Structure formats: C-alpha cells, structure tokens
Amino acid sequence: MYFAIRLAKDREYRPHFSERMGFLPQSLQRTETGAIWLHAVSVGEVASAVPLLRALRDQVPNAPLYLSTSTVAGRKAALRQVEQLVDGIFYAPLDFTASVRRTVHRLKPSLVIVLETEIWPNLFATVKAYGAVLLLVNARISDATWKHYYRAKSFFQPIVRLPDLVFAQSETDRNRYLTLGASAETLAAAGNLKYDAATPIPGVIDLPTWEAHPIWIAASTVGPNERGSLEKHSIDEDDLVIDAFQTLAVAFPRLLLILAPRQPARFEVVARKLEQAGVAFVRRTELQQNPSRSLQPPGVVLLDTIGELSRLYALADVVFVGGSLAPRGGHNILEPAAAGRTIVIGPHMQNFAEIARDFASARAFVQIEAPHDLVSAVGDLLNDPERADALGRRAQSLWRSNQGVAIRVATHVRSLYFPWAAQKLASAPRRLALSALAFLWTRGGATKRARGEAISKSRPELSIPVVSIGGITVGGSGKTPFCDYLAAEFRARGYSPAILTRGYRRRSPARTIVLAPGTVVSAALTGDEAQIFLRSGNAVVGIGSDRFESAQAVLQFAPSSDLFLLDDGFQHSKMVRNFDVVLIDGLDPFGGHAVVPKGRLREPLRELRRAHAFVITRAESAESFQGIRERLQRYNPRAPVFAAQLYPLAWRTISSGGEIALTPGRRVAAFCGLGNPQNFWNTLRALELKVVVRWAFRDHHQYKPTEIQRLAHQARGQGVDLLVTTEKDSINLPGNIGAMLQGMDIAWLRIQLALTDPDAFFSYFDSAIKRR
C-alpha cells in the first residue's frame with residue numbers, strides 16, 4: 001500500500017519502478033559471472049562512490065561495474081557523475097527475496113559492495129547464497145540512530161555477520177558493529193571515503209564578483225522541518241544568513257554573499273526573502289543567461305543551480321556550512337576544507353560526527369553554539385585574515401592526511417574478487433529437479449567413459465605420444481587457440497606435430513578427413529575449429545569423431561609426424577593419452593561446482609585427478625590465479641599449474657581479408673557465438689573500443705543471412721558502420737555476405753593464447769614424456 005500511494009502521489013518515483021521489483025532492463029544483461037555491484041543509496045553516497053569506482057576500474061579493469069541507488073535524487077546524481085564510469089545504473093531492488101533474486105540473476109555479481117548504513121536482510125542473505133563476496137564500505141552507524149540499533153541488536157546480529165568484510169569509517173563505528181554481533185576478524189576501520197570524494201575539481205567557475213571583498217559563502221542552508229531533520233524545528237537558516245549579511249554589510253561595504261540553499265524547491269522561497277529584506281541580489285541562472293548583469297556590492301548571489309558549489313569555494317574568505325544551526329545533522333565540510341577555506345558550523349553535526357571530531361581535534365574550524373553567534377563568528381574571521389588563513393590551512397592539511405581510502409579499499413577488493421566464485425540460485429523444487437538431472441548426467445558420463453576405456457584397451461597403443469588439450473567445463477576455455485599455439489611451439493622445438501579434432505558440426509559423409517597445413521577447403525566439410533588450424537598452417541589436421549581412426553589416417557598421410565595434439569580430448573576415452581593438459585577458464589573455472597544442467601561442469605571436479613598439467617587461461621589478476629591454483633591442488637596436488645594469457649594480434653576485414661587498425665574509442669557493434677562470450681567482451685574492453693551494442697549467440701552458431709541483415713540494421717541504427725567478431729565466428733558467416741551488410745563491413749580478431757612461462761611448461765612436458 002505504501003508503494004501504491006507513493007506512486008500515485010510522486011510522479012518522479014514512477015519511471016523505472018520495475019527495477020525496484022528486480023526487472024532490470026535488457027541492456028544490463030550479463031552473460032557470465034564477474035560483475036561488481038556497488039549500492040549507494042542517495043546523493044551523498046553516490047559522491048563517496050565516485051573515487052571508489054575509479055579505483056576499482058584501475059584495480060579490476062575487466063570487471064563490469066554496476067551502480068544502484070534508492071532515491072530519485074541519487075539516480076540523477078549517478079547519471080550526472082558516473083554514467084561514463086560504470087556499465088549500468090539502476091534502482092536497487094526492494095528487500096523482497098523475489099526482487100533481490102531477479103536482480104542477482106540478471107547481474108550475476110561476484111562481488112557486492114554496500115556503502116554506509118544500508119543493512120538489508122534479504123539482500124545480504126541472497127548475495128551470500130549466490131556465493132558472491134559481500135562488503136560494507138564506509139560503514140557507519142550515526143549517533144542519532146545507534147540507540148535504535150542497540151535496542152534491536154538481537155535482530156541485527158545474524159545479519160551483520162553475513163558480510164565478508166566491514167570497512168568502518170572510524171573506530172567508533174567499528175566498535176558499534178562489533179557490539180551488534182559482527183565478527184571481529186571481518187571488521188576494519190578504513191577511514192572515510194568522503195575525504196577522497198572531496199577532491200576539488202580543477203579550475204573555478206566563471207562567476208563575476210564585481211571586485212567585491214570579502215566574499216562569504218553560506219552553503220547548503222536549510223529551512224524549517226526540512227526532510228531529514230533530526231527533530232521538528234522552526235529554524236530557517238536562510239533568514240539567519242540574510243539577517244547576518246545585513247549586519248555585516250555595515251562593517252564590510254564591499255561584502256559579497258553567495259547563498260546556496262540545499263533544496264532546489266527553496267530557490268524561489270529564498271529569492272522572495274531577499275526581495276522582502278530589500279537586499280540587492282542576482283540569481284546565478286540570470287548570470288548564465290546574461291553575463292553582463294551587474295551587482296553593486298554589498299550584495300548577494302543566489303546560487304539557484306546544482307553541481308557548482310564545490311568549484312566556488314576557492315572564491316570564499318569564509319564558508320558557513322548549513323544544516324548545522326538547524327537540527328538537520330550537518331552537511332559535508334570536506335569540500336571547503338579541500339579548497340583551504342575557513343569553515344564555520346553550528347552545533348548539529350550528527351551526520352558527520354566523526355569528521356567533526358577530527359576537525360575539532362585539529363582546531364580546523366569554528367563551531368558556534370547558537371544562531372545569534374553567526375554574526376560575530378563570521379565577522380571576527382573577516383576582521384582577522386591571518387587567523388582565517390591558519391584555520392583554512394589546518395583544514396586542508398587534515399583533508400589531505402585522510403585521503404587514500406578508496407585506493408586502500410580497492411586494493412583489498414582486488415584480493416577478494418574472484419569472478420568465478422558465484423553459483424546458480426534456484427528455488428527448492430528447481431534445485432531438486434536440476435540435482436536429479438545432474439545425477440543422471442554424471443552416471444551417463446561415467447558409463448560412457450567406462451565403455452570408451454574398454455575400447456581403448458582393445459586397441460594397440462599409438463607409436464607416438466598423444467597430448468590432450470581439454471577442459472572440465474562446458475563452453476570456451478580457449479582449447480582451440482591453445483592447441484594451435486602448442487602446435488606452433490612444438491614445431492619450433494623440433495617436433496612434427498599433428499592435430500586431431502572431431503570437426504564439430506561439419507557436414508561431410510567421410511568418417512575421417514586428413515588435410516595438409518594451409519589447405520583451403522569449405523568450413524562445411526571441416527567444422528569451424530579445424531579451419532583455424534588449417535589457416536595457421538602449423539600441423540597436419542585429422543578430422544573425425546573417432547580420434548584413434550583419425551590418428552591412424554594421419555600416420556599414413558604424414559608418417560614423419562611424431563606428436564599428436566588431441567583438441568578437446570579430456571573426455572575422449574577411446575584412445576590412450578600420454579599427457580593430459582586441462583585448461584581452466586579464469587572467468588568460470590569450476591562451473592558452479594555442479595555438473596550440467598545444475599552447473600557447467602562436464603564431469604565432477606574429482607576427475608581433475610586425471611590431469612597431468614593445468615593451464616589457467618585469462619585469470620583476472622595474480623590473486624585470482626592463486627585462488628584457482630590453490631583450489632586445483634586440492635583435487636590434484638601432483639599436477640603443476642601454469643598460466644596463459646590472450647594476446648590480440650590483428651583485425652582482418654571480411655570484405656578484403658586485409659588487416660586494419662582499430663583505434664581506441666572506435667564505435668563498433670560486436671557479436672559472437674562462443675562458449676563464454678565474456679572473454680570476447682573483455683578483450684574489446686581491453687582494446688578500449690566503444691561497444692555500443694552487442695549480441696551473444698550459442699557456441700558454434702551458424703549465422704543465417706537474415707541474422708546478418710538484422711545485425712547490420714541494428715548497428716546502423718546506433719550510428720555504427722563496423723561489426724566486430726571473433727575468428728571462429730567469421731568462419732561461420734554465410735557466403736556472399738557483402739550484399740547482406742549493405743555497405744557495412746565486419747572485422748574479425750586474430751588472437752593468440754600463449755603461456756606466460758613456456759620454458760617451464762615444456763621442460764616439465766619433456767621430463768614427463770620421458771618418464772612415460
């Protein structure tokens with residue numbers, strides 16, 4: 001009923017309300033896990049989030065970043081301040097399990113960060129059930145609300161134990177969370193993000209001052225009983241400031257006051273107050289429309305705009321920060337401190353209690369006790385510029401000494417960010433059904449393996465070693481490009497390798513096909529993966545579902561071959577393999593820890609014991625690599641773990657086949673049909689291309705003419721003249737594609753997936769093969 005009434009009464013609350021129910025727009029669709037979701041309730045929290053988002057971009061560059069807010073004003077602030085910094089902005093779900101679950105399903109976050117005092121039981125519980133890391137950052141419990149939390153601590157205890165880490169603003173806040181029941185090992189006093197958020201924007205707004213001196217700024221003044229007040233009151237700070245200005249103007253005839261009411265709804269109210277008081281004033285919006293508009297000091301500039309105040313502090317000799325004479329709880333004093341200005345506040349600073357205590361200890365502001373003290377406090381500072389400058393320097397020094405919270409938190413976040421940690425959320429009936437199907441899959445896989453092993457035992461062992469390159473999860477971990485890379489490396493080391501591949505989705509009546517390196521033949525006869533091997537020209541390629549038969553055909557065709565590379569062969573049990581390399585996708589290494597269809601595993605993780613070596617591909621960071629490595633060693637402590645990285649080599653166009661350069665910032669539309677599309681999206685992000693629209697198809701997708709026409713049409717509608725895709729997808733495009741593109745072109749990316757330490761890998765391989 002509350003929301004029905006709110007929607008009926010508040011027109012601004014209606015747009016995007018579906019997001020609050022967990023129905024996020026299609027533009028926020030995620031294909032794989034790995035997102036970071038940061039929640040900032042309103043304008044102040046959004047401002048604090050800006051430096052943290054920048055630091056996260058630096059520390060975890062490939063992670064998609066999403067920001068949610070709860071208020072209309074918070075969303076507007078987010079769109080204004082961070083739209084170019086994040087991958088999406090949306091309203092946070094209401095704390096109903098269904099709403100939160102829908103949001104989590106859409107974003108697939110690996111890490112959720114909640115700013116300040118936002119404690120939501122269902123959000124916290126759902127995030128933890130999903131397997132994501134949960135952090136509270138800049139966490140605080142104000143003096144005004146602490147008594148309410150304390151009385152309900154038995155309710156809050158199980159909730160505050162859910163976050164993996166709580167970065168409190170101060171020791172006081174840390175101790176309050178500890179009292180509520182949070183574990184001591186999860187608590188840290190990290191400092192206040194607002195110190196980082198207060199970094200001055202370079203330059204000063206072009207505001208005429210008409211040679212006035214001194215200049216006084218009254219910032220964020222509030223009226224009687226303004227929303228958010230700590231108690232009912234009749235104090236009107238604008239009246240107090242106007243009265244003080246009239247008194248001070250007698251002693252300072254060239255005085256200029258810049259008056260900035262906090263609420264835009266009060267701009268007209270304050271303008272009428274100035275008129276009634278007979279004070280000469282001009283509105284900031286008038287100056288924007290007519291820069292030649294003059295004002296003879298003493299006078300007032302009514303700042304009736306949003307977002308300019310922080311860049312005006314540098315003009316001031318004294319700054320009074322409002323919301324502190326009225327019982328509103330104060331406003332942020334860090335922006336004038338960052339500008340080195342002298343600050344005057346009232347007694348009510350409950351919303352910034354820790355910051356106020358810091359400034360009081362450093363003697364970095366002037367705090368008055370009653371409204372009638374405003375005139376004397378400001379007047380004394382204007383009469384004593386040396387004292388005012390000393391206060392401003394101390395305030396700026398304190399601000400500087402407390403910066404760096406965002407970088408410290410983001411650095412710690414990097415060590416906790418594992419894009420592969422999350423798992424599927426499902427209702428109890430769905431979990432039961434998926435578990436039953438997963439059980440059948442596991443039993444079927446075990447039966448198939450036993451039959452294959454029986455066949456392999458009946459066959460003679462091949463005369464040359466067989467090296468398998470496989471995976472444990474469904475979808476792309478880079479097996480084909482890595483197999484191609486190994487073929488080139490083995491050839492450079494004196495081997496004569498041959499590749500065995502099944503030729504998935506090929507359309508050929510022959511059971512087995514053997515082709516020389518570089519052979520040009522239709523992809524319909526070979527499948528897309530074999531085409532990549534043939535293009536590279538590093539090895540003879542044998543194609544067939546029974547790789548043992550293909551191997552025999554290869555040895556007849558190319559008897560000098562001395563090594564077989566078995567593409568996607570970890571589950572192929574019909575032939576003996578001498579060395580099993582298992583590729584582990586750094587974005588989703590353990591497939592949700594469940595076999596298909598409950599998760600993405602081809603077989604249970606215990607089967608990793610068969611591997612002779614692991615290669616982790618595309619790990620996001622050293623911390624992520626180490627986390628995966630430690631997990632792998634639980635299943636197979638004997639197999640060494642290596643790393644491989646993807647290296648973009650060149651873009652080639654469909655129209656000419658030649659190479660082209662795509663400069664950073666180039667607007668493109670992207671599409672791919674891969675087992676893990678996120679790998680391609682991350683590559684495009686790393687290349688700094690501006691992807692305005694993207695489409696993901698199923699793995700090995702064979703594109704139809706109508707699909708290409710639709711992609712070209714939608715891209716053109718976004719003002720894009722180039723489609724980009726992968727080499728594998730370029731093979732699956734229809735013939736005569738030029739007519740379908742209608743003047744557009746497609747560029748595909750040639751890549752290499754290479755070991756970071758090839759010498760260590762091949763040294764281990766040589767010794768292992770000799771032992772066998």
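Details
- Among the residues here, Pro297 qualifies as out of contact with any Gly (no Cβ under 8 Å at 6 or more places or on another chain), surrounded by 15 or more Cβ atoms within 10 Å (Cβ to Cβ) and assigned to a loop (DSSP other than H, G, I, E, B).
- Filtered residues of segment 50-67 (kept if surrounded by fewer than 24 Cβ atoms within 10 Å (Cβ to Cβ) and not hydrophobic (A, V, I, L, M, F, W, C)): Pro51, Arg54, Arg57, Asp58, Gln59, Pro61, Asn62, Tyr66
- For Gln714: the one exception among (1) open to solvent by less than 20 Å² (accessible area, probe 1.4 Å); (2) in contact with a Phe, Trp or Tyr (Cβ under 9 Å, 6 or more places away or on another chain); (3) modelled with pLDDT of 90 or more: (1)
- Pick from segment 141-172, criterion more than 27 Å from the chain's Cα centre (by Cα) and in contact (Cβ under 8 Å) with a residue 40 or more places away in the chain, ranking: most open to solvent (accessible area, probe 1.4 Å): Asp143
- Residue pairs meeting the criteria (Cβ under 7 Å; at least 6 apart or on separate chains; first on the phi > 0 side of the Ramachandran plot, in segment 111-134; second assigned to a helix (DSSP H, G or I)): Glu116/Glu45
- Single unsatisfied condition, Ala353 versus (1) surrounded by fewer than 21 Cβ atoms within 10 Å (Cβ to Cβ); (2) within 28 Å of Arg254 (Cβ to Cβ); (3) of a type in the set (A, V, I, L, M, F, W, C); (4) touching an Asp or Glu at 6+ places or on another chain (Cβ under 7 Å): (2)
- Failed item, numbered, when Pro264 is tested on (1) loosely packed, with under 13 Cβ neighbours inside 10 Å; (2) in contact (Cβ under 8 Å) with a residue 24 or more places away in the chain; (3) within 30 Å of Lys147 (Cβ to Cβ): (3)
- Within segment 278-292, if we keep just the residues that are assigned to a loop (DSSP other than H, G, I, E, B) and touching a strand residue (DSSP E or B) at 6+ places or on another chain (Cβ under 6 Å), the residue that is surrounded by the most Cβ atoms within 10 Å (Cβ to Cβ) turns out to be Val279.
- Residue list for segment 521-548, filter: of a type in the set (Gly, Ala, Ser), touching a Gly at 6+ places or on another chain (Cβ under 8 Å) and either buried (at least 24 other Cβ atoms within 10 Å of the Cβ) or over 13 Å from Ala510 (Cβ atoms) (or both): Ala530, Gly537
- Verdict on Ile746 being aliphatic (A, V, I, L, M) and closer than 28 Å to Ile708 by Cα: yes
- Selection status of Ala326, part of a helix (DSSP H, G or I) and open to solvent by less than 10 Å² (accessible area, probe 1.4 Å): no
- Which listed residue is touching a Gly at 6+ places or on another chain (Cβ under 8 Å), in contact (Cβ under 8 Å) with a residue 12 or more places away in the chain, small (Gly, Ala, Ser) and open to solvent by less than 40 Å² (accessible area, probe 1.4 Å), from Gly599, Gly627, Gly586: Gly599
- Close pairs (6 angstrom Cβ cut-off, 6 or more residues apart or separate chains): in contact (Cβ under 8 Å) with a residue 12 or more places away in the chain and aliphatic (A, V, I, L, M) in segment 338-353, open to solvent by 40 Å² or more (accessible area, probe 1.4 Å) and in a helix (DSSP H, G or I) anywhere: Ala339/Ala314; Ala353/Asp143
- Among the numbered conditions (1) assigned to a loop (DSSP other than H, G, I, E, B); (2) in contact (Cβ under 8 Å) with a residue 60 or more places away in the chain, the only one that Arg254 does not meet is (2).
- Tally of residues being at pLDDT 90 or above and either part of a helix (DSSP H, G or I) or surrounded by 14 or more Cβ atoms within 10 Å (Cβ to Cβ) (or both) across segment 757-772: 11
- Residue among Ala98, Ala40, Ala92, Ala47 that is touching a residue at least 60 places away in the same chain (Cβ under 8 Å), in contact with a Ser or Thr (Cβ under 8 Å, 6 or more places away or on another chain), small (Gly, Ala, Ser) and open to solvent by 10 Å² or more (accessible area, probe 1.4 Å): Ala92
- Subset of segment 462-487 (residues that are of a type outside the set (Gly, Ala, Ser), in a loop (DSSP other than H, G, I, E, B) and over 31 Å from the mean Cα position of the chain (by Cα)): Leu462, Ile464, Pro465
- Hey, Ala152 of a type in the set (A, V, I, L, M, F, W, C), out of contact with any Cys (no Cβ under 6 Å at 6 or more places or on another chain), under 18 Å from Leu416 (Cβ atoms) and at pLDDT 90 or above or not: no
- Flag for Gly658 being open to solvent by 10 Å² or more (accessible area, probe 1.4 Å), over 19 Å from Val581 (Cβ atoms) and of a type outside the set (A, V, I, L, M): yes
- For segment 551-565, the condition of being open to solvent by 20 Å² or more (accessible area, probe 1.4 Å), of a type outside the set (Lys, Arg) and within 35 Å of the chain's Cα centre (by Cα) holds for none of the residues.
- Taking the criterion of being in a helix (DSSP H, G or I), open to solvent by 70 Å² or more (accessible area, probe 1.4 Å) and either touching a Ser or Thr at 6+ places or on another chain (Cβ under 9 Å) or under 21 Å from Val595 (Cβ atoms) (or both), the residues of segment 408-447 that qualify are Arg414, Pro429, Arg430, Arg431, Leu432, Leu437, Phe439, Leu440, Trp441, Arg443.
- Unique match (being hydrophobic (A, V, I, L, M, F, W, C), assigned to a helix (DSSP H, G or I) and open to solvent by less than 10 Å² (accessible area, probe 1.4 Å)) among Ala271, Ala314: Ala271
- For segment 635-668, the tally of residues that are outside any strand (DSSP E or B) and either closer than 30 Å to Asp729 by Cα or in contact with a helix residue (DSSP H, G or I) (Cβ under 9 Å, 6 or more places away or on another chain) (or both) stands at 16.
- Checked against (1) without any contact (Cβ under 8 Å) to a residue 40 or more places away in the chain; (2) within 39 Å of the chain's Cα centre (by Cα), Ala510 passes all but a single condition, namely (2).
- Subset of segment 117-137 [polar (S, T, N, Q) and either touching a helix residue (DSSP H, G or I) at 6+ places or on another chain (Cβ under 6 Å) or over 14 Å from Pro163 (Cβ atoms) (or both)]: Asn122, Thr126
- Single residue of segment 325-357 satisfying the filter (of a type outside the set (Ser, Thr, Tyr) and touching a Leu at 6+ places or on another chain (Cβ under 6 Å)) that is nearest to Ala139 (Cα to Cα): Gly329
The values are calculated or read from the model by the stated rules, or taken from the named source; none is laboratory data. Keep in mind that this is a model prediction, so the values were computed, not measured. Neighbour counts run over all protein chains shown; Cβ positions are idealised from the backbone, glycine included. Side chains included, ligands, DNA and RNA excluded: accessible areas come from the protein's heavy atoms. Shrake-Rupley method; radii C 1.70, N 1.55, O 1.52, S 1.80 Å.
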